[in-house]
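The values are calculated or read from the model by the stated rules, or taken from the named source; none is laboratory data. These numbers were taken from a predicted model, which means no experiment stands behind them. Every residue, glycine among them, receives a Cβ derived from its backbone with ideal geometry; neighbour counts consider all protein chains shown. Surface areas here come from the heavy atoms of the whole protein model, side chains and all, with no ligands, DNA or RNA. Shrake-Rupley method; radii C 1.70, N 1.55, O 1.52, S 1.80 Å.
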Amino acid sequence: MDNRHYIRYVSFFILCIAANYGLHAQDKVAYPATSPKDTAAARMLQGVTIFSNRTNPLSPVQTLSGIALEKMNSLSVADALRFFSGVQLKDYGGLGGLKTLNVRSMGTNHTAVFYDGIQLGNAQNGTVDLGRFSLDNIEQIDLYNAQKGTLLQPARGFASASAIYLQSRKPVFHGNEKTHGKVSFKTGSFGLVNPAVRMEQRLSDRLSAVVSSEWLHGNGRYKFRYTNGTYDTTAVRQNAAIDAARVEAGLFGQGKDSSTWQAKAYYYNSTRGLPGAIVSNKFLNGQHQWDRNFFVQSSYNKPFGKRYTLLLNAKFTYDYVRYLDTAIVTVDGPLMNRYQQKEYYISAANQYKITSFWDVALSADFQVNNMTAVNLDRFAIPTRYSTLVAAATQLHLGPVALQGNLLTTIINETTKAYTAGRDFNAITPTILASWQPFQGEDLKIRAFYKNIFRMPTFNDMYYSTVGNPALKPEYTKQYNIGTGYTRNSDGFLQYFSLQADAYYSHVKDKIVASPGRNFQWMMQNIGSVDIYGIDASIQLSPVLLNAVKTDFSVKYTYQKALDVSNPAEVNYKDQIAYIPVHSGSFIAHASWHKWDVNYSFIYVGERYFLNTNIPLYYMEPWYTSDVSVSTSFLFSHKLVKLTGELNNVFNQYYDVVINYPMPGRYYRLTASINF
Amino acid sequence: MRFASFHIPRRYLLLMVLFTGLAACRKGAGITPGDDTNVGADSLRNGFYLLNEGNMGMNLATLDYYNSGTGIYSSNIYGTINPGATKELGDVGNDMQIYGGKLYAVIAMSDKVEVMDVHTAKRLGQINVPSCRYITFYKGKAYVSSYATVAGGTPGVSGYVAEVDTATLQVIRTVNVGRQPEEMAITGDKMYVANSGGYSQGHFERTVSVINMNTFTETKRIDVALNLHHVKADKYGDVYVTSRGDYYEVHSKLYVIDTQKDIVKDSLPTAVSDIWISGDSAYIYGVEWSYVTNKNTVSYGIVDIKNERLLGDMFITDGTDKQITTPSGVAVDPTTKEIYVTDAKDNLLPGTLYCFSPAGKKKWSVTAGNIPGHFAFVRH
């Protein structure tokens, strides 16, 4: 192996892990802070069903919100998203391990993540570590294929192949309430200590504030096991400790003119060990990472008359990552890299109702990203200017709804040194359609076509002795047809929902990094992938016993994601790395008086860790069962909730990413009090 | 008791059946067997081991074996022969040599030299050297170069060469050399160590360390060129040293050191990624990456080591080189003079091993492991 690859491999790989935004991992929490005291709290002590009544929108969407979200054995947003169909979570394991989502096998970079309506960008590596987003302050998670099917949104909302929307909890006050809040504490395996505090304050009739903060500490240790039937080695994961703090504050206002606005500041600070791959004779790695993420964002929405609505958004982000590798000693001492990113973003979106059935919208975003690096030779210090303009229209013709948009993207790139990427512009279309054949029945047939690309990241283009400034964007084309049926009734089946989509997607000019020997780590637009898939899910809430509310969810995903890069190669039409053909999840929930019981099951079928389907690259299927029991009671008029979780009940040892062992059986206890 | 008295509704039974079915999908722990391919027997030809490096972090170093008696090429033999070795051969195979009836495989990111019986590939033990790179032998002892900066409690930025007892597989003593040392070659009682400085891209090393093998001390550093890699001694008292350049303006080149005077006496303007000396010929290939053009340049050549000059630019004569994306290893059978070349492709696909006649015509090819690169012939 060429000597350069040691340092480059390690630090580049870490970069992929580094520099993500984050809230930190925490557990699900008690009833929404919106829950009022006494009477309402007492009402909450009755059994509930977890699925909410939602109509089927234009594009395929999966949602976890409110009670459903809190009933799942999930520490972070990443854990919750595993239960969706059509997704694969790439998980490096443990409290601090990177967790990213790959939607429909197109690659992590094609999924945008929005926090309260504004994108969490990362020009450095194009991914967001969903493991850092605590569910503590999240009210709802939506995953849209194609895009959110609304017109009034920033141009960024039209600009990715799929999108995750995270919505933070908004304060709600009943009657004369002025102040309420919640204190929670979690502990469990991995040496977890995780206190959190949330305060909500009504400042006036039209203005309220919320402050949410938490601290997460853990030694990250857990047992893992590797065996081939003859050797059978159990060891403890080391150098996986994490210490992270999050503080978040928001203001929510309503104007007298029916406008609404919100402003938010967010700060995250963490230090963590990077435990690395478990390889023969080496179970300990000495890398460490420090992150600081800060952003402020604001949003303003105002309708003018009955026809015109304006939505303004702005954001500033600062990211800092420090990376230390004590195993690599350079002439300046142990390898230490520092990266700093800034993002400035403004957006204006306008929607105009031409007739009762015809809407048009125009959105324009402007964004500046820059990045600097310390101790990185020949780093170009790039700045990227992105201008996005989206023109969209929507027609409601009786049972048929049509939506289409054209997105113009203009990228201008400069560097302080060395070669800058070429300027780039493109116009890309999306068409969404749905048809409701029977009036009064929420049954919809839907279809979409979307053509979109992702820009090469700063790492792809400029990371010293790895990046390639000549890279082109990576394109995806998606064709989807599906159906959604939802029914609420007072009979045996209180809730029933069926969603099914079949799709074909093509990824071209896929940006491929090949680490290795003399092939000098180059980044190239050489890959192409054909994806044939089916996402299907059924959710139901049957009345099996009158006193017990029950819910069931079954999801299934079929993915044939075939490498069609080179017809002459041995792996032509082989399944690409880390994509199982079959995967799925099952959830059962029962609620009786003050008690809730939840069972979750995930299955991920056999995979290969490289794009060639040979036994040497084979990875076994894995499946885990999680159970939780929770109870609520009133303690001096305060709602108290206690939860106990046992995860990976059958103690299955498995890797999601090769040589990054996942925890076996582990537990977690949560106590919270609302006031 | 009749089954129905459990009152399990049919839908739950279905679910239970579903989970039982899913649970059955996990085959359980097992040994991944390799493949056997008959590429033809030849009584004159030597058998050989081929070490596949494997991508870093994937623990994918594998060992292949060609048996010239049966004509069978067996891939990934280590796991089956040594089922008790935790996590198999390891992460990134960087060098392999045979000495005194033992096969030594340097597994760089596993911080070990795996020691096997040369006839059976059965594991005999391991030598613990962190960030080990290359191995060579002298008077019954093994010498392993290491990128690690702390040897015997001496902190600093220099790398070292460890002297190892081949019976006990213990490190006896170490000698500090330049930063991130690579290959070593011994001629007379002197060892020549290529220093790369690869951890500090802006400050590559330029020197070859000369070690006096009687005192095991560094006596001299010869200034050669940037980022040195391979060192091979020939039978005329010269040592060939390859420089990788800086991947920007300074190109890869081949240098010749006169070991009598310990000076650089010549250089050949050809990119060299690896070199194999057989008789009076050094077979070389180069895969030179340039961050100026963002392209790889692949080249092949033969050097006449008697007269130190390039003999043409090709030892593959039938056009097969056009099928080889990324040459990653070269070897020449000491008896038949057949030439072996490996192709690592994109470093992610399984590689290919090609066998050429001495005239450079393809005889056969076979699928190898991930990044095939290092040969050790088993002499008759």
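Quick test for you: out of A:Val597, A:Val554, pick the one residue that is over 25 Å from A:Leu216 (Cα atoms), open to solvent by 20 Å² or more (accessible area, probe 1.4 Å), within 14 Å of chain B (Cβ to nearest Cβ) and assigned to a strand (DSSP E or B).
None of the other options fit; the residue is A:Val554.
Just the residues that are of a type in the set (D, E, K, R) and more than 10 Å from chain B (Cβ to nearest Cβ), please, taken from segment A:600-630.
Of everything in segment A:600-630, those that are of a type in the set (D, E, K, R) and more than 10 Å from chain B (Cβ to nearest Cβ) turn out to be A:Arg607, A:Asp626.
Could you say whether any residue in segment B:169-187 is among the aliphatic types (A, V, I, L, M), within 14 Å of another protein chain (Cβ to nearest Cβ), closer than 16 Å to B:Gln97 by Cβ and crowded, with 24+ Cβ neighbours inside 10 Å?
No - not one qualifying residue is present in segment B:169-187.
So which of B:Thr136, B:Thr86, B:Thr80, B:Thr120 is assigned to a helix (DSSP H, G or I) and open to solvent by 10 Å² or more (accessible area, probe 1.4 Å)?
The unique qualifying residue is B:Thr80.
Identify, by number, the condition in (1) open to solvent by less than 20 Å² (accessible area, probe 1.4 Å); (2) part of a loop (DSSP other than H, G, I, E, B) that B:Tyr73 doesn't meet.
(2)
Could you tell me whether segment A:384-398 includes any residue that is in contact with a strand residue (DSSP E or B) (Cβ under 7 Å, 6 or more places away or on another chain) and over 24 Å from A:Ile431 (Cβ atoms)?
Yes, the conditions are met somewhere in segment A:384-398.
Just to be sure, is B:Ser252 within 14 Å of chain A (Cβ to nearest Cβ), under 23 Å from B:Pro181 (Cβ atoms) and polar (S, T, N, Q)? Before the answer, list the steps.
Details: within 14 Å of chain A (Cβ to nearest Cβ): yes; under 23 Å from B:Pro181 (Cβ atoms): yes; polar (S, T, N, Q): yes.
Yes.
In this structure, is A:Ala588 within 11 Å of another protein chain (Cβ to nearest Cβ), within 22 Å of A:Phe496 (Cβ to Cβ) and among the small types (Gly, Ala, Ser)? Explain how you work it out, then say what you get.
Numbers: within 11 Å of another protein chain (Cβ to nearest Cβ): yes; within 22 Å of A:Phe496 (Cβ to Cβ): yes; among the small types (Gly, Ala, Ser): yes.
Yes, satisfied.
Which condition number does A:Arg246 fail, the rest of (1) within 14 Å of another protein chain (Cβ to nearest Cβ); (2) crowded, with 22+ Cβ neighbours inside 10 Å; (3) not acidic (Asp, Glu) being met?
All conditions are met except number (1).
Quick grid of which residues meet (1) within 14 Å of another protein chain (Cβ to nearest Cβ); (2) open to solvent by 10 Å² or more (accessible area, probe 1.4 Å); (3) of a type in the set (Lys, Arg); (4) more than 20 Å from B:Thr174 (Cα to Cα):
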residue: B:Gly198; (1), (2), (3), (4): yes, no, no, yes
residue: B:Arg206; (1), (2), (3), (4): yes, yes, yes, yes
residue: B:Asn214; (1), (2), (3), (4): no, yes, no, no
residue: B:Arg221; (1), (2), (3), (4): no, yes, yes, no
residue: B:Lys232; (1), (2), (3), (4): no, yes, yes, yes
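With the structure loaded, tell me whether A:Glu569 is crowded, with 16+ Cβ neighbours inside 10 Å, of a type in the set (Asp, Glu), in contact with a strand residue (DSSP E or B) (Cβ under 7 Å, 6 or more places away or on another chain) and facing chain B (nearest Cβ under 9 Å) or whether it fails that test.
no
For (1) surrounded by fewer than 22 Cβ atoms within 10 Å (Cβ to Cβ); (2) closer than 30 Å to A:Arg221 by Cβ, each residue gets a yes or a no:
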site	(1), (2)
A:Leu274	no, yes
A:Ile278	no, yes
A:Asn281	yes, yes
A:Tyr308	yes, no
A:Leu312	yes, no
A:Val321	no, yes
A:Met336	yes, yes
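Go through segment A:286-296 and count every residue that is of a type outside the set (D, E, K, R) and surrounded by fewer than 21 Cβ atoms within 10 Å (Cβ to Cβ). Walk me through it before giving the result.
Taking segment A:286-296 and keeping what is of a type outside the set (D, E, K, R), we get A:286-290, A:293-296.
Filter again for surrounded by fewer than 21 Cβ atoms within 10 Å (Cβ to Cβ), leaving A:286, A:288, A:290, A:294, A:296.
Selection size over segment A:286-296: 5.
Restricting to segment B:301-336, name every residue that is aliphatic (A, V, I, L, M), crowded, with 16+ Cβ neighbours inside 10 Å, away from chain A (no Cβ under 14 Å) and not in a strand (DSSP E or B).
B:Ile305, B:Ile316
So, in segment A:94-117, of the ones that are open to solvent by 10 Å² or more (accessible area, probe 1.4 Å) and small (Gly, Ala, Ser), which residue ends up nearest to A:Asn459 (Cα to Cα)?
A:Gly107
Looking only at residues in segment A:338-364 that are out of contact with any Ser or Thr (no Cβ under 9 Å at 6 or more places or on another chain) and among the polar types (S, T, N, Q), which one is surrounded by the fewest Cβ atoms within 10 Å (Cβ to Cβ)?
A:Ser356
Considering only segment A:466-482, I want to know if a residue exists there that is surrounded by 20 or more Cβ atoms within 10 Å (Cβ to Cβ), among the charged types (D, E, K, R) and part of a strand (DSSP E or B).
The answer is yes; a qualifying residue exists.
Residues are listed down the side, and each one gets a yes or a no for (1) of a type in the set (Ser, Thr, Tyr); (2) modelled with pLDDT of 95 or more; (3) in a loop (DSSP other than H, G, I, E, B):
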position	(1), (2), (3)
A:Val247	no, yes, no
A:Leu251	no, yes, no
A:Ala263	no, yes, no
A:Tyr267	yes, yes, no
A:Ser270	yes, yes, no
A:Gly276	no, no, yes
A:Trp290	no, yes, no
A:Phe295	no, yes, no
A:Lys302	no, yes, no
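Mind checking which residues of segment A:201-230 are within 14 Å of chain B (Cβ to nearest Cβ), crowded, with 17+ Cβ neighbours inside 10 Å and in a loop (DSSP other than H, G, I, E, B)?
Answer for segment A:201-230, where residues must be within 14 Å of chain B (Cβ to nearest Cβ), crowded, with 17+ Cβ neighbours inside 10 Å and in a loop (DSSP other than H, G, I, E, B): just A:Asn228.
Looking at (1) open to solvent by less than 10 Å² (accessible area, probe 1.4 Å); (2) over 27 Å from the mean Cα position of the chain (by Cα), can you tell me which one A:Gly664 breaks?
(2)
Can you find a residue that is within 17 Å of B:Val332 (Cα to Cα), at pLDDT 90 or above and in a loop (DSSP other than H, G, I, E, B) anywhere in segment B:250-262? It would help to see each step written out before you state the result.
Looking only at segment B:250-262, we keep the residues that are within 17 Å of B:Val332 (Cα to Cα), and these are none.
Checked against the condition, which is being within 17 Å of B:Val332 (Cα to Cα), at pLDDT 90 or above and in a loop (DSSP other than H, G, I, E, B), segment B:250-262 yields no hits at all.
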